[in-house]
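For reference, the structure is listed below as C-alpha cells.
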Amino acid sequence: MSYENIIAEKKGNVGLITLNRPQALNALCDALIKDIGAALDDFESDENIRAIVITGSERAFAAGADIKEMADYDYMDVYKNDFITKGWTRVASCRKPTIAAVAGFALGGGCELAMMCDIMIAADTAKFGQPEITIGTIPGAGGTQRLTRAVGKAKAMEMCLTGRMMDAEEAERSGLVARIVPADSLLEEALKTAEKIASFSGPVSMKVKETVNKAYEMTLTEGLMFERREFHSTFALEDRAEGMKAFTEKRKADFKHR
Ligand code: CAA
C-alpha cells in the first residue's frame, strides 16, 4: 500500500514504517498519524509480520506535532475531537513488538511517538526533548507520563519545564533508549533486532510485550500474578512444546507461531 506521508514496507517478517515529510522534519500532521494507523492495521493483520520498526530521516525522527496545523485550533476543536489521543494511541495499542529507530530530532510528539514503541534504538545523533513549553503548551501524547517513568522525575521535570534536549548518551544513561549505534548503521541494527524478535514465536513475543507493559499499571503482586498466568498459558502453545523439545534434542526450534 502506498501512503502520502510515510513509506511502509514488508521486509521478510518485519514491517518497516519510515516517516516521510522531510520538508517539515517529519512533523506529525493528522494525515501522517492516519497513515501510521493504516500501516499498523495492515501489519497487525498480516500473520507473517512479527515485529515493526518505525524510523524517520537522518535529520529528524520527528520534530513533534505539526505546529502549523495546530496553530488555529481552539479549545472546542481539540476537546471535541480528543486531539492527540485519537490516532496517536494506535502505536501504543499495537499488539506486535515495535522498535523506534531514532536519528536526529525526536521532539514533542516525536519523542512521545518513540516512547510509545517498545524498544528505542538511538543513533549517536539523536536528540530528545519535550519543548512544548516554548510554544505555550504542554506535552499531550504522554510526554509528562512516559518520560517521567523512563528517566525519573528530576530529568523529566527539567526537560518539560525548560525544553532542554537530551543527547543520545544521556538518553541511554537515563534509561530512555536501549542502545546507541552509529548513525549510518541505525536502520540495519534496528532491523536486525526486529528480525531477531520475529524469529521467535509470534504469540510468545506478544505475551512478553503485554506482560512487561503490565509492570507500568499494576502493583507488584498483581503483576506477578498476571505474569504467572501468562507463563502458564504458554503451555497451551505448540511453539512452547517445540521450543522445549528442540532444546532437549539439541537443535534449533522450528516455530509455527501457534
Ligand atoms: N511543526 C510544523 N513544522 C515544523 C515543525 C513542527 N513541529 N518542526 C519543524 N518544522 C518545519 C519548520 O517550520 C521548517 O519549515 P519551513 O522550511 O517551511 O520554514 C522546517 O520544518 C525545517 O525546520 P527549521 O528550519 O526550524 O529547522 P532547524 O534545523 O533550524 O530547527 C528544530 C530544527 C529545532 C527541530 C525546529 O524546527 C523546532 O524547534 N521545531 C519545533 C519543535 C517543537 O516545538 N515540537 C513540539 C511540537 S508540539 C507537540 O508535539 C505537542 C504534543 O505533545 C503532541
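Size descriptors for the stretch 201-249, from the alpha-carbon set: Rg then Dmax equal 12.4, 39 Å. For GLU230 and ASP77, the difference between the fully extended length at 0.36 nm per residue and the C-alpha to C-alpha distance is 50.9 nm.
Here are some pairs, LYS68/LYS153; LYS34/LYS153; LYS86/LYS192; LYS86/LYS127; LYS68/LYS196; which of them have Cα atoms lying more than 28 Å apart in this structure?
LYS68/LYS153; LYS34/LYS153; LYS86/LYS192; LYS68/LYS196
How would the stretch 129-201 be classified by its alpha-carbon gyration tensor: rounded, prolate or oblate, with rounded meaning a/c under 1.5 and the a/b versus b/c comparison settling the rest? In terms of gyration-tensor shape, prolate.
Every read-out reported here was derived from the displayed coordinates using simple, explicitly stated rules and does not represent laboratory data. Computed from a predicted structure; not experimentally measured.
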